[in-house]
Amino acid sequence: MAIHVGSPPLEGTSKARTVALTVNGEGVELRIEPRVSLLDALREHLGLTGTKKGCDQGTCGACTVWSDGRRVLSCLTLAVAGEGHEITTVEGLQDGGELHPMQAAFIAHDAFQCGYCTPGQLMSAVALLEEGRAADDEIAEWMSGNICRCAAYPNIRDAIREVRDAAGGE
Amino acid sequence: MTAVIGREAVRVDGREKVTGSARYSGEIALPGLAYAEIVGALVARGRITSIDTRAAENAGGVAAVLTRRDLPAVNRVPLVPSLMGGPAPGETFFPMQDDEVHYAGQPVAIVVADSLEQARYAASLVEVSYAGAPSVTTIGQGRGDAYEPEKIFGGFMPARSRRGDARDGLASADLGVDATFRFAPNHHNALEPMTTTAVWEDDRLTLYDSCQGIKAVQLTVAALLGMSPSRIRVLTRYVGGAFGSKAMVWPHVTLAALAARHVRRPVRLTVSRAQMFTSYGHREEQEQRVRLGARRDGALTAIRHDKISVTSPFDDWAEPAFCAASQLYAAPAFEGVHRLVRGNTMTPTFTRGPGEAAGVFSLECAMDELAGRLGIDPVELRMRNLSDVDPNTGHPWSSSGFAECLRRGAERFGWDARDPRPGREREGDQLIGTGMAAAAYPVAFFMRTQRARARLYADGTAVVGTAAQEFGTGMTTVLTQVAADALGLGLDDVRLDYGDTDLPTAGSPVGSNGAMMVSAAVHYAAAAVRDRLVALAAGDPASPLHGADPAWITVDGGRMALADDPGAGESYGELMERHLMGDTEALGTWDPPPLDTPYGLLTFGAQFARVAVDADLGTVRVRHMVGAFAPGRVLNPRTARSQLMGGMLWGMSQALLEGTHMDAGLGRWANASLGDYLVPVNADAPEVDVELIEVDDDVTGPLGVKGVGEIGQVGSGAAIANAVHHATGHRVHELPITVEDLLPALEWEAGR
Amino acid sequence: MRPFAYARADDVDTAIATVLARPDGEFLAGGTTEIDLVRQDVLRPGLLVDINDLPLDRVDDLPDGGVRIGGLARMSDVAEAPGVAERFPVISEALLQGASPQLRTMASMAGNLCQRVRCGYFRDAVSPCNKRDPGSGCAAITGFHRGHAVLGTSDKCIATHPSDAAVALVALDAVVRTRGPHGERAVPIDEFFLLPGDTPEREHPLEHGELITAIDVPGAATARRSSYLKVRDRASYEFALVSVAAAMDVRYRTVADIRLALGGVATKPWRARTAERSLLGGPATREAFAEAARRELAPATPLPQNEFKVELAQRAIVRALTALADGDEEGGTR
């Protein structure tokens, strides 16, 4: 059976265009080319430098953000493809001036050193609880998409366990 | 009095780091910013025959394409480690001065564009043609031409060292071990890529640079460009990891400055992850041979330690194999020689635990083998060879704690329950093994004068400034604690100002010296302010403390009081208001003890590890690590433990994962990405126990601090390798230890 | 990064038409390989047609007990889909071990099948590589090839197929359903993956503008007892040195049914038919597993740095099958 592929092609342009994103609950518009990654849009165009660029290749996890609540790598996401999705970055974790419990737990457990992977770790750690993968024997595997070169891993696990237990105890 | 030093204070920069508000060097917003991208050489050796920049220049949005023709002549500056406080280029070679190519990845052009994307794209359009020449990049290729240099390690160390007669000692031994270990090159791969943002205003240059020492950056760029340091300011607060890679100042920093001057705009140059393998040196490929002689009772008669490694075409660099390794044990004779192969690579550089990570690995694996052959427990063998003095000089240790580390570490690990016979413990498919090793790292006094300034306001709060930066060690936290302690203030009342070369001079915190040297200056600055006010109170008839002996006045929470009558006293603020002082400030300076200080200077520790080796598949997973360390006085156990834990996991990684593979045919690193250069992920990291053993040391500065930055990595790899041997009965002599090294030792009947 | 045009399609036909309208048009799904390789200048599309809004992300049960996995279903969703996790645990396990959680959330199943090799010489955009630049040579054969293939290689290319999920799907005789300019077709998955031979640049039979709409996994009772074993240096977040997808039905200590495929060792997800033939109807013993593994790897063409894979693969096969056989016995049902 032959399928007739007759629909008119979409217009595609490599020129800068206006892209409307929702970042941390706020609508923003920026003029960017299609090749701009979500990561670079956040860092270079929106001034949201909390999201980090460690490899730009999907191998380190420093650029982890949420798209519609699910954790993704912003270095491998085109900003233009982020239209229509709710993007959340580390800057959106706080509730008013109040630290998210995971942020507080990271400080309390010394779950970072240089701090460069930390925003990505936090975005994964909070997502992990949502995903229901925070059992003692799951945390390490489900946090393995975020490299910490300072190797604060045991402390990161401690912080996650604390937040998990506090949430479960309420 | 509530002690501030030694308290488990949380990091002073914690909030900035968890909220994402900490701005690293590539995150400074600047109007008119342009982006630079380096074009690296594709050949390892040869000559550039032509560079066609037209396509790049015409790509649109490109501000400039710079080649060697666009760069001024740059001064030649000798390679001197940044700890010495002067200019400190990572290699004496500076690129884009002529057409010669000495290593793959060497910068040959720089593209500056309006956007990050366009800079990268235009860089791919630069057409460079080469006349290639045969290259040497591995020991295997250059062994025949190896030579013994005069000095190594940036001129720090002689290439040869000896005490007693090692040949005699080996000959007269009851028993010997002769083992050779091969180490893959390592790249630090800090998570933050090297980034420099350069801004010119007239003839003044501001740099934001991810570095380990802002003063070193200032002085190096000044020396290379022939500028006065007073015209260069470096501003860096946060650095996303360093591990030695940012201890020296690499060409891209100055290239960024030159590019910015060329385009008359602020320029940010970020090194890509692939370029991270050719932009800042590495731990060199090396081979170490250790020969031990011992009597039946375990006493070492001699150690012979030889190293061969690859250096660059320009510099005689080798990390020293046997600083600590020659000092750990009381062997009457020691001899060691470094030999070098000139290769087409960058000049290697400091990598966490420089020298000791590989040198002590070799020694401690050989010691393990010796223990097995003697039938002496490995911990006991070390105990029998303890030295009360530095065996190289005969000087007493400034402090030791080695025996205590061995004892407490063994206790915490449960070492006594160990069956010494290899290959006896099994859990299902897993062969379980345990191993241990000694750890040691030198304390060196090569730094220059350290300075800090303390200013106390009349409201009882203080600002302390020093030209340090924070790259994850927690130094800014402990400096805040030290200042608060000396001032007698609460932690919250002291703010540390740092990350600016205009602040009082501090050296590059490298070689585990940061806390020791900068805290000394901070201590003296803060103590000077306190002493001044205490003296003022004691001499002030209006003060309740009038006439008191200042030595008997303590300060707590900003209130001065008599030590034996806390009711009698007043606050700093009351005193200062009476004297119409809005603030008061003092400069603190600390000069290191002389290099020939008559003490043995070494930080000691002991490492223990339990591993599981898959009996069929040969994969090694570390189950548990224990480290006991005696780093002098511990300023903050929380951050100290984190440093040590991180180091221990680095040792694990060195033992099992990390290796950069050279494609000797192409002369290029073959696995230059974080997907292929394996660093540990969360699932690799076991639980790590760190035991801190405080020892008094009145040689290493006013606070008795020795350092925690590197020793965690020293010996932890050896403990793991020894545990792998204990699990399997097989000793691997190559790092990283991988599946293919172990398969031959694992039973496999079906292989036929 | 090379500029490219971008368009976002709402329906399949428009997506296909849009890609077809330009010779350098390509689909963009999860982007986890594609965006990376465009940035590396390895792939040079002039137009990316974003197909993430297409309604191809469902996971549905098929009447024969099988499952239809939409081409745009995400790895993470497929791994957790009840029909997959219960009836085809080997697929779930391969997916969960196949990438980090972030990548699994992004990556589509179709993209997973089409992902490009991890050979460093292919990815660096400059080394000789017949796959990227036909006729330029293969740097891996004389260079660094520890991770490369020992089965299905040619003198043109030895790059390992990187997918884990595809190994499980190959073991289970999945069918790749596509739609393109010449209509719809169904390609048995083993035929979907092409050996490099003299044309390593051709990795699958998809035409320009042909889109994977779904992957059908036929029902198979054996698959309920299946597993994925992945051997790697790092404990997680790494491609396989060797992997084994295995499903086995043991009755009266005899192998009544067996599906076996290997990853990490071959230039395509490697159905181990030689081993299957060796085992089927024979005893489910360690010795038989080892013999079957030996036969499967007999034609291996290793190079110095990846020679260990020949033995490692055999060991992994034995481990995987032994575990399945032991599980059967412990289950006590037969």
In the stretch B:641-657, what count of residues is obtained for those that are at the interface with another protein chain (Cβ under 10 Å from one of its Cβ atoms) and touching a Leu at 6+ places or on another chain (Cβ under 9 Å)?
4
In the list C:Ala149, C:Ala159, C:Ala139, C:Ala186, which residue meets the criterion of being touching a Ser or Thr at 6+ places or on another chain (Cβ under 6 Å) and within 14 Å of another protein chain (Cβ to nearest Cβ)?
C:Ala139
What strands (runs of 3 or more DSSP E), lying completely within the stretch C:1-67, carry at least 2 residues that are facing chain A (nearest Cβ under 9 Å) and at negative phi?
C:5-8, C:25-28, C:47-50
Exclusive hit being assigned by TED's automatic domain parsing to the domain that holds B:Asn513, hydrophobic (A, V, I, L, M, F, W, C) and in contact (Cβ under 8 Å) with a residue 40 or more places away in the chain, set B:Ala410, B:Ala458, B:Ala438, B:Ala358:
B:Ala458
Here are C:Leu20, C:Leu37, C:Leu62: which of them is within 29 Å of C:Asp124 (Cα to Cα), surrounded by fewer than 23 Cβ atoms within 10 Å (Cβ to Cβ), touching a residue at least 60 places away in the same chain (Cβ under 8 Å) and in contact with a Lys or Arg (Cβ under 8 Å, 6 or more places away or on another chain)?
C:Leu37
Take the conditions touching a residue at least 40 places away in the same chain (Cβ under 8 Å), within 24 Å of the chain's Cα centre (by Cα) and within 30 Å of B:Val111 (Cβ to Cβ) and apply them to B:Val271. Does it pass?
yes
Residue check, B:Asp676 against (1) more than 25 Å from C:Arg146 (Cβ to Cβ); (2) within 14 Å of chain C (Cβ to nearest Cβ); (3) acidic (Asp, Glu), all met but one. Which one?
(1)
Restricting to the stretch A:110-133, name every residue that is more than 12 Å from chain C (Cβ to nearest Cβ) and touching a Lys or Arg at 6+ places or on another chain (Cβ under 9 Å).
A:Asp110, A:Ala111, A:Phe112, A:Gln113, A:Cys114, A:Gly115, A:Tyr116, A:Cys117, A:Thr118, A:Pro119, A:Val126, A:Leu129
Out of the residues in the stretch B:274-307 that are in a strand (DSSP E or B) and under 19 Å from B:Gly667 (Cα atoms), which is farthest from the chain's Cα centre (by Cα)?
B:Gln286
I need the strands (runs of 3 or more DSSP E) fully contained in the stretch B:392-480, keeping only those with at least 2 residues that are buried (at least 17 other Cβ atoms within 10 Å of the Cβ) and not acidic (Asp, Glu).
B:430-442, B:450-457, B:462-465
Would you pick out the residues in the stretch B:569-584 that are aliphatic (A, V, I, L, M) and surrounded by fewer than 15 Cβ atoms within 10 Å (Cβ to Cβ)?
B:Leu580
When you go through (1) part of a loop (DSSP other than H, G, I, E, B); (2) more than 22 Å from B:Leu656 (Cβ to Cβ); (3) within 23 Å of the chain's Cα centre (by Cα) one by one for B:Gln713, which number turns out not to apply?
(2)
When you go through (1) crowded, with 18+ Cβ neighbours inside 10 Å; (2) among the basic types (Lys, Arg); (3) within 13 Å of chain A (Cβ to nearest Cβ) one by one for B:Arg23, which number turns out not to apply?
(1)
The stretch C:1-33: number of residues that are of a type in the set (S, T, N, Q) and either closer than 11 Å to A:Pro34 by Cβ or at pLDDT below 95 (or both):
0
Is it true that some residue in the stretch C:85-95 is in contact with a Leu (Cβ under 9 Å, 6 or more places away or on another chain), within 14 Å of another protein chain (Cβ to nearest Cβ) and on the phi > 0 side of the Ramachandran plot?
no
Report yes if C:Ser108 is within 8 Å of another protein chain (Cβ to nearest Cβ) and either hydrophobic (A, V, I, L, M, F, W, C) or touching a residue at least 24 places away in the same chain (Cβ under 8 Å) (or both), otherwise no.
no
Give me a count of the residues in the stretch B:713-752 that are closer than 25 Å to B:Gly646 by Cβ and surrounded by fewer than 19 Cβ atoms within 10 Å (Cβ to Cβ).
1
Taking the stretch A:74-108 on its own, how many of its residues are more than 9 Å from every other protein chain (Cβ to nearest Cβ) and not in a helix (DSSP H, G or I)?
8
The lone exception for B:Pro509 - which of (1) within 25 Å of B:Val4 (Cα to Cα); (2) assigned to a helix (DSSP H, G or I) it fails:
(2)
C:Arg44 being of a type in the set (D, E, K, R) and buried (at least 22 other Cβ atoms within 10 Å of the Cβ)
no
Determine, yes or no, whether B:Ala223 is surrounded by 20 or more Cβ atoms within 10 Å (Cβ to Cβ) and either away from chain A (no Cβ under 14 Å) or within 27 Å of the chain's Cα centre (by Cα) (or both).
yes
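The values are calculated or read from the model by the stated rules, or taken from the named source; none is laboratory data. Keep in mind the model is a prediction, meaning the values are calculated, not measured. Because the Cβ atoms are built from the backbone with ideal geometry, glycine has one as well, and the counts that use them run over all protein chains shown.
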